[in-house]
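Structure record follows, encoded as structure tokens.
We did not get these values from a lab; they are worked out from the coordinates using the rules stated. Remember, predicted model here, so these are calculated numbers, not experimental data. Cβ placement follows ideal geometry from the backbone for every residue including glycine, while neighbour counts extend to all protein chains displayed.
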Amino acid sequence: MPWRPASAVPAEETSSIPPGAGCPVAAWAEAMAGCDQPAYVLALDGRFLWVNAACEGLFGRPVPELLRLRFQDLTHPDDHAGDRQRIGRLIAGEVRWLQVDKRFVRPDGASVWVRLNVHRPWRETSAARPELDERLLVLAREIGLDDAGREALRRSERQLSLALEGSRAGSWDWNLQTDIVEYSASFARLLRYEGDDFHRDFLFRDRLHPADRERALAAVQRALATSEAFDEAYRLRCFDGRWRWFRGRGMAIRDAQGVARHFSGILFDWQDQRRQQLLLRRSERRMAHLARHDPLTGLPNRLLWNECLRGALAEAQRHGERLALLMLDLDRFKDVNDTLGHATGDALLAVVGARLRSRLREGDTLARLGGDEFVVLMRRLRDPADAAALARDIVETLARPWVSPVGHEIQIGTSVGIAVAPEHGTEAETLMGAADAALYRAKELGRGTFAYFTQELTQAAARRMRLESRLRRAAGEQRLRVVVQPQHRFGDAAPCGGEALLRWHDEELGAVSPAEFIPVAEACGLIEPIGRWVLEQALGIVATWRQAGWRDARIAVNVSARQFSRGDLVATVQAALARHGLGGDALELEVTESVLVDSGAEVAAALARLRAMGVIIAIDDFGIGYSSLGYLQRLPVDVIKIDRSFVRGLGRPDGDARLCAAIVAMAHHLHLGVVAEGVETAAQHDALQAMGCDRYQGYWQDGQPTEAMEVLARWRRASTV
């Protein structure tokens with residue numbers, strides 16, 4: 001292994017004091033500073049970080065010069081390859097002690113043989129996973145010294161032992177020939193020993209915790225039998241009677257024939273690190289739990305759900321059993337988030353999770369897939385009707401009001417889609433798709449209910465996907481078309497304006513009804529760009545009409561709830577009017593009752609700003625939504641449009657004449673204009689005129705949607721009569 005690449009060292013770091021004061025390296029350097037044997041500290045890239053004065057004699061260079069050099073700079077060229085093989089293992093962390101005989105080159109070109117004892121210490125840290133220090137401790141001895149030199153070496157080794165003791169570690173040396181173990185004084189202190197003969201009173205095997213004994217002794221035997229280092233954490237019973245965690249690291253010292261002669265090592269107090277390890281493991285278990293569970297509700301998330309579903313399907317197939325999958329999401333949950341904040345929404349989701357748990361059988365699985373989407377897996381289903389019973393129970397349970405922590409009473413509902421295996425699929429993806437299609441059907445039925453999957457739903461889902469794909473293309477390529485349905489005042493043959501309606505004729509699908517593609521556009525997010533495009537087209541139409549002399553022409557445009565929720569509708573309308581040189585009186589915006597009833601302060605403010613610009617605000621499909629009429633007084637509204645379902649029965653004995661008359665009277669009492677939709681017969685027209693209705697639109701007398709220029713032509717013809 002090569003030396004680690006060097007990095008630039010600022011001049012201020014070229015110091016005789018090694019970094020990391022208070023660590024084992026610093027303690028060792030302090031102990032070796034006055035030693036007459038060369039000692040130095042190396043960085044892993046070979047830089048000299050610290051040298052004692054004795055190194056000047058060994059290398060023939062002053063200390064400041066050495067601190068600017070690397071170990072490799074002084075090495076004999078023939079020894080570089082050996083260094084990479086031997087010392088590289090130490091740098092890689094494969095070994096921690098190493099003895100090397102090698103040559104250095106002095107400034108005069110002479111080579112000197114040196115025996116190096118290299119040690120890589122552990123960094124002192126409270127981390128649960130300690131790491132090796134990024135520095136090497138080196139004791140050097142020129143080979144060929146006399147007896148005095150060898151004594152100096154022994155003295156230096158004793159100083160090294162003292163340095164290690166100062167680093168809160170204890171050392172041992174087991175002479176395998178004599179079976180005598182020498183322990184350092186710091187080793188005894190780690191064991192809380194206060195007696196007079198530690199070697200007599202301490203026996204490693206007897207002090208080991210019973211749960212750790214077999215493992216620790218086996219690790220010692222492996223280290224003696226192989227080149228494997230000893231590195232184990234274990235508990236020892238200290239002399240104060242308490243069990244304490246320690247970590248021992250050592251290795252067998254072998255002679256030239258490879259026979260183990262000594263087993264030496266260091267003992268570290270590991271109590272704090274062990275505690276950190278346990279905390280880390282607990283944290284890791286927590287992280288593993290969070291990776292497979294929803295942190296808000298504690299329920300399985302999509303990852304764990306997919307595993308459970310696949311396993312349950314496989315088990316059901318093996319045993320010939322049925323299971324049911326219930327997919328549900330909350331009705332109007334987005335309104336809670338938008339009006340009361342995400343904190344309230346999160347609290348509501350937690351309550352929903354708890355309520356759902358309380359309704360399940362033992363063995364059923366509940367998961368939250370994200371947002372307000374939950375799924376239930378019913379195992380060992382005896383009858384599909386059991387799934388319907390649970391779905392009905394869930395709908396009723398979630399319909400109960402809930403009071404938020406700040407006192408808001410919230411009532412939501414849920415829609416449930418049911419798929420049964422094996423009838424509706426035996427693969428997880430197939431069954432999920434079936435339940436999703438059933439959920440979509442439940443919403444179409446009016447929400448707050450449940451629906452089973454059928455093959456027709458699959459076909460409808462496939463068509464919706466195709467519709468979405470083709471609609472995206474049509475919107476991007478501007479292949480949609482705006483037509484106008486003229487509006488008339490009662491008693492006036494000339495149109496007074498019109499409603500902009502969107503039409504789509506696809507090359508593959510043919511003519512697609514707005515009743516089919518508008519919900520798709522809302523579901524996939526296309527309604528916003530399409531809505532902006534329709535607004536531009538409609539204002540362009542009314543601008544053309546006015547330029548042609550129809551000065552009071554006005555056009556009505558439908559606005560979806562999603563366009564309101566974005567918050568930029570006012571600015572969009574204002575900019576579009578300005579681009580076409582129009583005032584607000586040229587535009588009538590039609591909104592549904594649900595937008596008004598569910599509106600917060602932001603929607604009310606937006607309506608007020610639009611109305612201040614002169615834009616007319618109309619309620620579309622009035623009467624088929626909510627029974628509460630308080631918003632008519634609370635919000636800035638100018639016009640209500642009677643839904644065609646009320647108009648259809650006018651002129652018949654069992655018709656809705658009284659209801660329509662009541663709506664007209666109420667609107668006029670509130671100083672609101674009234675427009676009737678879907679007028680198709682003279683009887684309907686006459687009945688509405690008698691009630692005092694202001695305007696109408698419908699297929700009666702060629703009132704069907706047509707091109708904008710045709711509406712202009714009709715106005716001209718009627719105006720010149």
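For the chain, no complete DSSP H run has alpha carbons reaching 30 Å or more along its own long axis together with a mean Kyte-Doolittle score of 1.0 or higher. Over the chain, Cα pairs under 8 Å with separation of 6+ residues give a relative contact order of 6 percent. With neighbour counts taken as other beta-carbon atoms within 10 Å, the residues Trp700, Trp243 rank, fewest first, as Trp243, Trp700. Note on Glu536 and Thr454: their simple-model spin labels are 4.2 nm apart, each label 7 Å out from Cα toward Cβ. When all alpha carbon pairs of region 636-721 are counted in 10 Å bins from zero, the resulting P(r) reads 17, 44, 29, 10, 0 %. Modelled spin labels at Ala385 and Glu131, positioned 7 Å past Cα toward Cβ, are 6.7 nm from each other. Here the extension length gained between Gln257 and Ser358 equals 29.1 nm, from 0.36 nm per residue of separation less the Cα-Cα distance. Going from the residue with the fewest nearby Cβ atoms within 10 Å to the one with the most, His488, His580, His209 rank His209, His580, His488.
Summing Lys and Arg as +1 and Asp and Glu as -1 over all other residues whose Cβ lies under 13 Å from the Cβ of Arg532 gives a net charge of 0. Can you match Kirkwood radius over Cα pairs in Å to one of these, [x] 32.5; [y] 37.1; [z] 34.3, based on a calculation from the structure here? Recomputing Kirkwood radius over Cα pairs in Å here gives the entry labelled [z]. For the pair region 210-288 and region 320-341, the centres of their Cα atoms are 53 angstrom apart.
If I take every Cα pair under 8 Å that is 6 or more residues apart in region 293-453, average their sequence separation and divide by the length, what percent do I get for the relative contact order?
Here the relative contact order equals 28 percent.
Relative contact order for region 168-291: 26 percent, from Cα pairs under 8 Å spaced at least 6 residues apart, divided by residue count. The residues neighbouring Val615, those whose beta-carbon lies less than 14 Å from its own, together hold a net charge of -1 under the Lys/Arg +1, Asp/Glu -1 convention. Note on Thr592, Thr426: ascending count of other Cβ atoms within 10 Å places them as Thr426, Thr592, the fewest first.
Treat every Asp and Glu Cβ in region 293-453 as -1 and every Lys and Arg Cβ as +1, leave all other atoms uncharged, and give the resulting dipole magnitude about the Cα centre to the nearest 20 debye.
Values: 19 positive and 23 negative charges, 61 e Å.
So the dipole magnitude of region 293-453 works out to roughly 300 debye.
About the Cα centre of region 399-521, how large is the charge dipole given +1 on each Lys and Arg Cβ and -1 on each Asp and Glu Cβ? Please answer in debye to the nearest 20.
300 debye
Shape class for region 478-719: rounded, because the ratio a/c of the largest to smallest gyration tensor axis (alpha-carbon atoms, square roots of eigenvalues) is under 1.5.
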